[in-house]
Structures are given as structure tokens and as C-alpha cells.
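Got a structure for you, questions after.
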Amino acid sequence: MSEGDPEGRVTLRVGDGVSSFDAAAWDACAGDANPFVSHAFLSALEDSHSATARTGWQPLPIAFDEADGSLAGVAPAYAKSHSQGEYVFDHSWADAWERAGGRYYPKLVIASPFSPVPGPRLLARSPEAARALIAGAEALVDRHSMSGAHANFVAGDQLDLFRDAGWLIREGTQFHWANRGYATFDDFLGDLASRKRKAIRKERAAAVAGLEIVHLSGGDLTETHWDAFWYFYQDTGSRKWGQPYLTRRFFSMLGERMADKVLLMLALRDGNPIAGALNLIGADTLYGRYWGCREDVPFLHFELCYYQAIDAAIARGLSRVEAGAQGEHKLARGYVPVPTWSAHYIPDAGFRSAIADFVARERRAVEQNMAFLGEMTPFRKG
């Protein structure tokens with residue numbers, strides 16, 4: 001699909017995949033703040049056969065070129081034949097639409113696959129290009145009679161672009177940790193109520209008894225480390241999703257293409273890995289993604305995924321830790337509720353009206369729950 005705007009300045013096209021784009025041109029649009037929209041990360045998902053048409057993620061990146069052929073903007077888009085691996089749950093929408101005689105799939109999703117990480121979804125070098133990408137997504141949906149387009153985990157500063165285009169905005173919740181200028185983990189603990197402080201210290205001591213915790217990044221990462229983590233990932237994935245989303249090759253490609261953005265934390269017993277947590281490093285954020293273990297150690301999940309992440313963020317001078325989707329258990333460990341957003345283009349007027357009513361009612365419930373949870377943080381009051 002390719003077409004120009006009335007003034008001939010911008011050309012819309014749908015690529016065969018992220019890998020078909022020049023990496024430097026893609027990253028010039030994406031920036032370097034969020035690794036989940038980088039060419040290296042997204043192309044690794046494709047090249048490792050993790051995000052492909054066969055797995056229900058057909059890559060259809062929407063791009064706009066300037067008249068001189070330079071890339072003005074791009075959106076990582078996928079035709080989806082299911083709703084797995086998105087973390088913005090629309091199964092009830094699919095059921096309702098299909099009960100009414102419609103066909104919900106394929107749908108168009110603008111996202112970083114398998115990554116519930118807020119970030120830019122319109123990778124654009126100008127507001128004009130960003131608006132054009134939205135129009136391009138709508139045109140793609142309309143041309144192929146899809147049920148709709150969904151931009152998941154949209155960065156807050158891009159919401160108005162979608163809202164102005166008439167997309168419905170849906171609100172969700174995650175739990176993030178904020179660095180308030182801490183120099184050490186004890187500085188962070190000093191902001192907590194005494195009882196919470198003591199509980200965390202007890203958890204940490206119990207979790208690491210008899211273990212060594214190592215942080216690996218860049219050239220320190222080896223295939224042996226990825227073999228160990230692959231076992232952990234498979235174990236967690238099979239219990240959570242039935243079948244892990246990512247292939248073994250993906251982790252090798254992650255190490256090959258963006259090792260300096262990877263922080264792998266391993267718990268060792270007698271030198272052997274028994275658990276691990278995988279993080280990616282952004283410009284100001286540490287992003288926790290996957291965890292797994294081969295030995296059930298009380299509190300080790302909290303240690304590797306939450307406390308070690310805080311340690312690493314403080315050491316690196318990062319502003320926050322985003323530890324993934326869901327998990328109210330993060331609250332007691334200093335991670336506070338924050339809103340997340342998705343944007344939805346629903347071309348059918350009747351279906352759109354029903355979805356609009358749903359997201360309005362859901363938003364009220366989400367905001368009430370966030371207010372309630374916000375009163376339960378472990379930080380000292382007053």
C-alpha cells in the first residue's frame with residue numbers, strides 16, 4: 001500500500017517488516033529513550049520468528065516518507081489473529097463483536113510485541129508525520145475491513161494526537177518505582193514507614209541466604225547465560241501462557257544486537273544459576289521484563305525483580321523502574337500505582353458506541369482503585 005498526500009510531500013507505505021527498514025533511519029524516528037521501539041529489539045522479534053504471521057503477529061509497519069525519500073515517521077504495527085501477548089485485554093470486545101455476527105480478527109495493533117511497556121507508538125520526526133501515521137493506520141483498517149486499530153501502552157505525551165483523531169482512550173494501571181534522588185537503597189528505605197522498612201530488610205536477607213547475585217550486561221553476557229535464562233523463561237512462560245512467546249534465538253539476538261541495553265540478573269548457588277530476571281535499560285528507566293527459576297526460594301522473586309532493580313536504577317542514576325504489568329504485591333515494595341493508556345479506532349458506529357460506554361465506566365473504576373491503592377503505599381505519611 002502506497003499513496004501520497006495532496007501536496008506530494010509525504011508518501012505512505014506499509015513495510016514487509018521492521019527488518020526491511022534501515023536501522024539508522026528507523027532509530028532516527030524512534031529516538032534512543034525506549035529500547036522496546038528500537039530497530040534492534042523489534043527486528044530481533046521478527047528475525048527470531050517470535051513475532052511473525054505464523055505466531056499471529058504479522059508485521060505491517062506503517063511508514064511515511066518525505067518527498068526526498070527520507071523516513072518521516074513509522075509506527076510498529078501488526079495484523080493480529082488473536083489477542084495474546086498484548087496485556088491490554090480486549091477478549092470481551094472480541095466475544096461481543098463475534099456474537100453480533102462480526103469478525104473481530106484480524107485487527108491492527110500498534111505496539112511493541114509482548115511488552116507491556118509505555119512508550120511512543122508514533123515514531124515521528126514531526127507532529128505532521130505523527131498525525132499522518134494515525135491516518136495511515138485508519139486507512140489500513142478501512143481498506144482491509146478490519147474491526148479496528150489499537151495502540152497499546154501509549155506514552156502520555158502522544159495521547160492528545162490519538163484523542164484529536166477521534167480514537168477512544170482506555171486507562172489501565174501499572175506499578176512503577178520512582179527514584180527521589182536516592183544515593184543508596186537505604187536512602188529509599190528511609191522514606192518508608194518503619195514496619196515496611198523492617199519487612200523489606202527481612203525479605204532481602206531471607207532471599208539471598210546462601211546465594212550470590214550477579215548483574216550482567218554488555219560483553220559479560222554469554223550463550224551459557226542465555227541458556228540458563230531460557231530455562232527460566234520457559235518455566236514461567238509455560239505456567240503463565242501455556243506456551244512461551246519468545247524463541248530461544250531471540251535471546252541470543254538480544255545479546256548480539258543490544259547487549260549494552262540488557263541487564264541480566266542471576267541468582268547463583270555454588271556458582272550455578274537457579275533464578276534470573278531480565279531487564280532492559282532505557283535513557284532514564286530500567287524496564288523489568290522476564291523472570292524464572294529452577295528452585296523455589298522464598299522472596300527471591302521480589303529480590304531479583306524489584307529490590308535488585310531498585311539497586312541497579314540507583315547505581316545508574318535512572319529515574320524509575322517499570323516492573324511490568326499488574327501485580328498489587330509490588331505496592332508493599334515501594335512501587336506505586338500509575339496510569340497507563342491505550343487508544344482505539346473502531347470504525348463501526350454501533351460497536352464504537354458500546355466500546356466508548358465500556359471504557360468510560362472502566363475508567364471510573366480504574367481511577368477509584370488507583371486512588372484507593374495510592375493510600376496504601378509504604379511511604380511515611382506526612
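The values are calculated or read from the model by the stated rules, or taken from the named source; none is laboratory data. Computed from a predicted model, the values in this text were never measured in an experiment. Heads up, the Cβs are rebuilt from the backbone with ideal geometry, glycines too, and the neighbour counts pull from every protein chain shown. Quick note on the areas: whole protein, heavy atoms, side chains included, nothing else; ligands and nucleic acids left out. Shrake-Rupley method; radii C 1.70, N 1.55, O 1.52, S 1.80 Å.
May I ask you to list the residues in segment 110-133 that are out of contact with any strand residue (DSSP E or B) (no Cβ under 6 Å at 6 or more places or on another chain), touching a residue at least 60 places away in the same chain (Cβ under 8 Å) and either assigned to a loop (DSSP other than H, G, I, E, B) or more than 27 Å from Glu322 (Cα to Cα) (or both)?
Ser112, Phe114, Ser115, Pro120, Glu128
If I filter segment 137-145 for residues that are touching a helix residue (DSSP H, G or I) at 6+ places or on another chain (Cβ under 9 Å) and of a type outside the set (S, T, N, Q), do I get at least one hit? Walk me through it before giving the result.
Residues of segment 137-145 that are touching a helix residue (DSSP H, G or I) at 6+ places or on another chain (Cβ under 9 Å), as a first pass: none.
Looking for residues that are touching a helix residue (DSSP H, G or I) at 6+ places or on another chain (Cβ under 9 Å) and of a type outside the set (S, T, N, Q), one finds none in segment 137-145, hence no.
State whether the residues of segment 233-244 include one that is among the acidic types (Asp, Glu), farther than 30 Å from Leu45 by Cβ and in contact (Cβ under 8 Å) with a residue 24 or more places away in the chain.
Residues of segment 233-244 among the acidic types (Asp, Glu): 235.
The next check asks that each one be farther than 30 Å from Leu45 by Cβ; those that pass are none.
No - not one qualifying residue is present in segment 233-244.
Scanning for something out of contact with any His (no Cβ under 6 Å at 6 or more places or on another chain) and farther than 30 Å from Gly166 by Cβ, does segment 363-373 turn up at least one residue? Write out each step before concluding.
Within segment 363-373, the subset out of contact with any His (no Cβ under 6 Å at 6 or more places or on another chain) is 363-373.
Among the residues that remain, those that are also farther than 30 Å from Gly166 by Cβ are: 372-373.
Yes, segment 363-373 contains a residue that is out of contact with any His (no Cβ under 6 Å at 6 or more places or on another chain) and farther than 30 Å from Gly166 by Cβ.
Would segment 237-249 turn up any residue that is surrounded by 13 or more Cβ atoms within 10 Å (Cβ to Cβ), in a helix (DSSP H, G or I) and charged (D, E, K, R)?
Residues of segment 237-249 that are surrounded by 13 or more Cβ atoms within 10 Å (Cβ to Cβ), as a first pass: 237, 244-249.
Narrowing further to those that are in a helix (DSSP H, G or I): 237, 248-249.
This time we only want the ones that are charged (D, E, K, R), so: 248-249.
Yes, the conditions are met somewhere in segment 237-249.
Show me the strands (runs of 3 or more DSSP E) found entirely inside segment 275-382 where at least 2 residues are polar (S, T, N, Q) and open to solvent by less than 30 Å² (accessible area, probe 1.4 Å).
336-345
Condition (residue is open to solvent by 30 Å² or more (accessible area, probe 1.4 Å), at pLDDT 95 or above, within 30 Å of Lys381 (Cβ to Cβ) and not in a helix (DSSP H, G or I)) applied to segment 198-212: is it met by at least one residue?
No, segment 198-212 contains no residue that is open to solvent by 30 Å² or more (accessible area, probe 1.4 Å), at pLDDT 95 or above, within 30 Å of Lys381 (Cβ to Cβ) and not in a helix (DSSP H, G or I).
Kindly indicate the residue of segment 172-190 that is more than 24 Å from Pro118 (Cβ to Cβ) and charged (D, E, K, R) and also most open to solvent (accessible area, probe 1.4 Å) among those meeting that condition.
First, the residues of segment 172-190 that are more than 24 Å from Pro118 (Cβ to Cβ): 183-187, 189-190.
Those left that are additionally charged (D, E, K, R): 186-187.
Working: Asp186: 93, Asp187: 70 Å².
Once the filter is applied, the top-ranked residue is Asp186.
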